[in-house]
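K.L.:
Starting off with a structure, shown below.
The values are calculated or read from the model by the stated rules, or taken from the named source; none is laboratory data. Only a predicted model underlies this, so the values are computations on that prediction, with no experimental measurement involved. Virtual Cβ from ideal backbone geometry, glycine too; neighbours counted across all protein chains shown. We work out accessible area using only protein heavy atoms, side chains counted, and drop any ligands, DNA or RNA first. Shrake-Rupley method; radii C 1.70, N 1.55, O 1.52, S 1.80 Å.
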Amino acid sequence: LGAQDGPHQDSYAAYASIARHYPGDPGVIAAMLLNYVRLQPGEALHLGAGVPHAYLDGLGVEIMANSDNVLRCGLTPKHVDVPELLRIVRFEATAPGVLRPEADPGGEEVYETPTDEFRLSRYDLGRAAAPSRPDARGPQILLCTAGTAVLRDATGAELTLARGQSAYVPAGEQVELTGDGTVFRATVAA
């Protein structure tokens with residue numbers, strides 16, 4: 001089979017694209033050592049500390065724990081600290097675990113992860129039969145990735161979010177979500 005045929009066709013095309021965008025970058029070879037994963041809309045990956053990863057294209061929402069150790073492996077004109085990278089990276093083969101959200105009765109679809117630092121969930125407001133009311137116990141960031149979302153607070157004040165816009169909601173402030181959009185919610189773990 002040629003590079004254009006068979007089950008690895010997408011990954012070959014991805015590596016060729018990386019090589020065109022970053023000619024001569026050793027990160028192209030490093031990328032070939034990673035698992036190639038094509039996520040479907042709504043799917044996610046949880047990657048622990050020390051696991052190199054690269055985002056190639058499409059829409060992605062990334063959330064990470066508070067950290068001061070973001071290291072670059074390549075595919076960038078920015079500094080790559082090779083000795084620190086070799087010290088931090090976990091060199092072990094693992095299968096990527098694709099996460100699919102689990103719906104709760106309030107219309108929130110939760111991505112269950114093994115971390116205590118954060119919680120990521122999604123609301124598909126166009127499918128909701130009633131306004132969604134996210135739990136207000138902790139601070140939250142609401143990010144609209146499609147359509148529009150209307151946030152209404154307890155006083156009746158409204159804020160409309162379009163695709164790509166976000167809002168910070170302080171702990172204890174209850175909001176109601178309506179509209180036809182998709183909203184990702186980042187908050188602290190329960």
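K.L.:
Over the range 91-159, with every protein chain in place, what whole percent of the accessible area is carbon and sulfur at 1.4 Å, could you tell me?
P.N.:
Its accessible area is 53 percent carbon and sulfur atoms.
K.L.:
Ok, one more. Could you identify which residue out of 41, 101, 52 has the top mean-square fluctuation in a GNM of the chain using Cα springs shorter than 10 Å?
P.N.:
Result: 41 has the largest fluctuation of those listed.
K.L.:
Using the alpha-carbon atoms, what tilt in degrees (0 to 90, nearest 10) does helix 9-21 show relative to the longest principal axis of the chain?
P.N.:
Helix 9-21 sits roughly 80 degrees off the main axis of the chain.
K.L.:
May I pose another question? Around residue 102, with a cut-off of 9 angstrom between Cβ atoms, what is the net charge of the other residues, counting Lys and Arg +1 and Asp and Glu -1?
P.N.:
Net charge in that neighbourhood comes out at -2.
K.L.:
Sort out the exposed loop GluC sites (Glu not before Pro) in the chain (DSSP loop, at most 16 other Cβ within 10 Å) and tell me the longest stretch that has none.
P.N.:
Between exposed loop sites, the widest span is 118-172.
K.L.:
Convert each backbone phi in the range 178-184 into a coupling constant with the Karplus relation 6.51 cos²θ - 1.76 cosθ + 1.60 (shift: θ = phi - 60°), then list the ³J(HN,Hα) values in order as whole Hz, x for Gly and Pro.
P.N.:
These are the phi-based 3J(HN,Hα) values: 9, x, 10, x, 10, 10, 9 Hz.
K.L.:
Where does the chain land on the Kirkwood hydrodynamic radius, alpha-carbon pairs, in angstrom?
P.N.:
In the chain this quantity evaluates to 19.0 Å.
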